[in-house]
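Q: Once you've had a glance at the structure underneath, I'll fire off some questions.
The values are calculated or read from the model by the stated rules, or taken from the named source; none is laboratory data. Because the structure is predicted, anything quoted here is derived from the model rather than measured. Cβ placement follows ideal geometry from the backbone for every residue including glycine, while neighbour counts extend to all protein chains displayed. Side chains included, ligands, DNA and RNA excluded: accessible areas come from the protein's heavy atoms. Shrake-Rupley method; radii C 1.70, N 1.55, O 1.52, S 1.80 Å.
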Amino acid sequence: MLDTSVWLWLGVALLFFWAIGAYNRLVRMRTAVVKAFAALDEQLVRQLVWVQGCLPESMRDGAQTSPGELQDDATAAWTRLQATSEQFAAALAQARLQPVDGGPAMSSLVMAHEALRAAWGAALADAVPPGTTPSADRLQQRWLRLLHQSLPLRTAFNDTAMAYNRALGQFPASVLARLAGFKPAGTITRLSEGR
């Protein structure tokens, strides 16, 4: 009888210490995902600040046109770029609040970045006349450099998020993860590699 209770308590203690170790591992991995996103976030903020700094001086504090007002192509392109930069800023703020979000926040961030990229291309084509300083080519080169600087950070974030997700899916830890409320992290499938 004594031997059975000792083995039972030994089994309970072993299970308890395994659960604490597994929980701590999941917390460390989730923290690594948050840190990886923080590094990517810093680079994305640089992109956003740079794009907003390229806006005409009159547009940097908000739109200067009223709805329905006629605009030339250049003003319309700058207005679209300003609107998409604000949309990207909002998506980035949401993703910053939920970097370990398996769905909507990261999807919104990717879509907003794609919209920003498209608006940037249109602004260069429609609003930067040839022969101006800085030229559209120089602005595009700077944009591509900023995009390429974010690629290793995006890869690091995705790798960290996928490792965390794999850990959540492994059998004994998956039960603990469900009980403790751990959710899978989203990945960033694309943040404009160029173009």
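Q: Taking the Cα atoms of the chain, report the difference between the largest and smallest coordinate on each principal axis, in whole Å and largest first.
A: 91, 32, 21
Q: Something else now. Using a 1.4 angstrom probe, figure out how much accessible area the stretch 117-181 has per residue, in square angstrom, rounded to the nearest whole. Let's see the in-between values first.
A: Details: 3580 Å² over 65 residues.
Averaged over the residues of the stretch 117-181, the accessible area is 55 Å².
Q: Something else now. Which of rounded, prolate or oblate describes the stretch 108-195 when judged by the alpha-carbon gyration tensor and an a/c cut-off of 1.5? Could you put the intermediate results ahead of the total?
A: On the way: a/c = 6.16, a/b = 3.37, b/c = 1.83.
It comes out prolate by the Cα gyration axes.
Q: If you roll a 1.4 Å probe over the chain with all protein chains in place, what percent of the accessible area is carbon or sulfur?
A: The C+S portion of the solvent-accessible surface of the chain is 62 percent.
Q: While we're on this one: Name the residue farthest towards the positive end of the dipole of the chain from the options LEU147, ALA136, ALA83, assuming +1 on Cβ of Lys and Arg, -1 on Cβ of Asp and Glu, about the Cα centre.
A: Checking the options against the dipole of the chain, the answer is LEU147.
Q: Compute, for the chain, the length of the dipole vector about the Cα centre, with Cβ point charges of +1 (Lys, Arg) and -1 (Asp, Glu) only. Units Debye, rounded to 20.
A: 760 debye
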